[in-house]
Amino acid sequence: TVLLDDQRAASEIVRCVEACLRHKRPVYIEVPHDMVDREIPTGAIAPMLPEESDPHTLAAALDETLSLIRSAKKPVILAGVELARYRFARLVLHMAERMNIPIAADLLSKSAVPENHRLYLGVYGGAMSSDEHVRKYVESADLVLMFGTFITDMSMGFYTAKLDRRRTVLATTECVSVQYHRYESIEFHDFLKSLAQAKIRPKVFKHPNPHAVPKPLSKAERAHPLTMVDIFRILSLHLDEHCCVVADIGDAVFGAVGIRSAKQAEFIAPAYYMSMGFAVPASIGIATGRPDLRPYVLVGDGAFQMTGVEISTAVRLGLNPIVLVLNNDGYGTMRQICDGSFNVITQWNYHKICELVGGGEAITVSTKGELDAALRRAHNSDTVQVIEIKLPRGDVSRQLATIAREVRKRRGGKNAHR
């Protein structure tokens, strides 16, 4: 809204705030400079009326959904980001446990469901899935229950997801779609609660690849040079329930979909908006809003050059993020899709950034053992920690390699040089 009318300003502000609370999405309120000092009337603002489900529509949607669940031999739940935004994850987890239905997450909802839960498969996103067994299991399921899932190019692996609508139920805060039938006027919570209370015999489920704790480094491999795959494995060894992984765009987020720690750890990424430079500033918000969580930031060297100096703010506020700068000498993600001089960036002395801002500690590592030791030291420190990780120029995660190949196909050629 743009507040041009002082008589309606209060009601417009309330309308936007109510929309923000209901839809869990950003709102925009613009105040013209010459209106800032105006006094506005604030009386007689009608309260927001609670939304209610149409009982007949809800019953019809439930009947069709339950019929599909009862007949399914290999169902799977694809947990979406709205389960986290609306605090419905526990309700869906209860339903999954009663029915013995496995759960996968999409990229936006990673960590909404505890990743050490016995029913958890991993992250599904077509070619961007955390493991091939996750992709095969979801795409071979005879029923995919998509709860709170946004269908976007990013969350569906840039059009590589293979989900047949005849075998899907898609329920969000906006509507419920069962196969090709669309049901309006249903409250998301009412639909989930009714499903969770339904009497369904538990399904037979055998985990295709049970979660195993990442293997500690052997003495022999500690001197080996680092690769992108190694980073996520070693980081997983240091994560616990007091951590929050914050991944920037590019291989920081593509590779991070496979992070699995022995204990529950939070995960945040700009997977919907894909804003480069998100992670370091986001870590300040996390450390301020959730002081019980320590941010572990994954950020490429290109993204760090955009907003990385915000660690100055972290130092000033006494915060203690651990920032891993993935230095592969430029825009490594774009190099995989379309290489050229535009992917070249100036090389900074990242290990001197803490000296520049007047606080924290920085170090450069290039071997597995050095990274493991640096993370251990960082964990035991209570100040800002910056770890520059030297990587081979063309090294990428499996997920990025697959996605880049698919994007190049859609562009109609090989990795062109320009």
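The values are calculated or read from the model by the stated rules, or taken from the named source; none is laboratory data. Being a predicted model, the structure only gives us computed values, none of them experimental. Because the Cβ atoms are built from the backbone with ideal geometry, glycine has one as well, and the counts that use them run over all protein chains shown. The accessibility values were calculated without ligands, DNA or RNA, using every heavy atom of the protein model including side chains. Shrake-Rupley method; radii C 1.70, N 1.55, O 1.52, S 1.80 Å.
The residues of segment 91-228 have, on average, 45 Å² of accessible surface per residue, using a 1.4 Å probe with all protein chains present. For the residue pairs LYS110/LYS136; LYS352/LYS409; LYS24/LYS263; LYS136/LYS199; LYS162/LYS368; LYS24/LYS215, alpha carbon separations beyond 30 Å are given by LYS352/LYS409; LYS162/LYS368; LYS24/LYS215. Counting only heavy atoms of the protein chains and using a 1.4 Å probe, LEU49 has close to 130 Å² of accessible surface.
How do the peptides 128-139, 1-12 rank, highest first, by the average count of neighbouring beta carbon atoms within 10 Å per residue?
Values: 128-139: 21.1, 1-12: 14.5.
The densest-packed peptide leads the list: 128-139, 1-12.
Once both labels are positioned 7 Å from their Cα atoms along Cα-to-Cβ, the gap between GLU187 and HIS351 label points is 5.9 nm.
Once the other residues with Cβ under 9 Å from the Cβ of GLN264 are scored (Lys, Arg +1; Asp, Glu -1), what is the net sum?
Result for the neighbourhood of GLN264: -3.
For the chain, adding -39500 (n - 2.57) for each run of n ≥ 4 DSSP H residues and dividing by the number of residues yields -10000 deg cm²/dmol at 222 nm.
The accessible surface of the chain, taken with every protein chain in place and a 1.4 Å probe, is 54 percent carbon and sulfur. The loop-placed chymotrypsin sites (Phe, Trp or Tyr not before Pro) in segment 248-287, going by DSSP, that have at most 14 neighbouring Cβ atoms within 10 Å of their Cβ come out as TYR272, TYR273.
Of the labelled figures (1) 24, 50, 25, 1; (2) 25, 50, 21, 4, 0; (3) 26, 59, 15, 0, only one reflects P(r) over Cα pairs in 20 Å bins from 0, in percent as derived from the coordinates, namely (1). Exactly which GluC sites (Glu not before Pro) in segment 16-104 are in a DSSP loop and have at most 15 other Cβ atoms within 10 Å? Sparse-neighbourhood loop GluC sites (Glu not before Pro): GLU39, GLU51, GLU52.
Packing, taken as the mean count of other beta carbons within 10 Å per residue, orders the peptides 318-328, 196-206 from highest to lowest as 318-328, 196-206. Model label points for HIS117 and ARG222, set 7 angstrom from Cα along the Cα-to-Cβ axis, are 3.8 nm apart.
Electrostatic bookkeeping for VAL280 treats Lys and Arg as +1 and Asp and Glu as -1; over the other residues with beta carbon under 9 Å from its beta carbon, the sum is -2. At a probe radius of 1.4 angstrom, the accessible area of segment 261-354 per residue rounds to 40 square angstrom.
Trypsin sites (Lys or Arg not before Pro), restricted to segment 47-107: which are DSSP loop and have at most 15 other Cβ atoms within 10 Å? In loop regions of segment 47-107 (DSSP not H, G, I, E or B), the sparsely surrounded trypsin sites (Lys or Arg not before Pro) are LYS73, ARG87. Rounded to two decimals, the Cα-based Rg/Rh of segment 1-107, with Kirkwood Rh, is 1.18.
Stretched out fully, how many nm does the piece from ASP34 to VAL213 gain, at 0.36 nm a residue minus the Cα gap?
Details: separation 179, 0.36 × 179 = 64.44 nm, distance 5.99 nm.
My answer for the length gained is 58.5 nm.
Our note on the geometry: Cα centres of segment 215-266 and segment 137-182, 29 Å apart.
Cβ-Cβ distance of LEU66 and VAL14, R₀ of 41 Å, FRET efficiency by 1/(1 + (r/R0)^6): the value works out to about 0.55.
Taking a span of 18 Å or more along the helix axis (Cα atoms) and a mean Kyte-Doolittle hydropathy of at least -1.0 as the rule, the DSSP H helices of the chain that qualify are 9-23, 55-71. Report the calculated FRET efficiency for ARG411 and ALA44 (r = Cβ-Cβ distance, R0 = 45 Å), to the nearest 0.05. Calculated value: 0.20. Treating r as the C-beta distance of ASP240 and GLN7 and R0 as 51 Å, the FRET efficiency rounds to 0.40.
Annotation: TYR159 carries an accessible surface of approximately 150 Å², with a 1.4 Å probe and no ligand, DNA or RNA atoms counted. For the peptides 257-265, 217-225, the ranking by packing is 257-265, 217-225, with the highest mean count of neighbouring Cβ atoms within 10 Å listed first. A cut-off under 15 angstrom between Cβ atoms defines the neighbours of SER381, and their net charge, with Lys, Arg +1 and Asp, Glu -1, is +1. Here the spin labels are modelled as points 7 Å beyond Cα on the Cα-Cβ line, and at LYS24 and SER381 they lie 3.6 nm apart.
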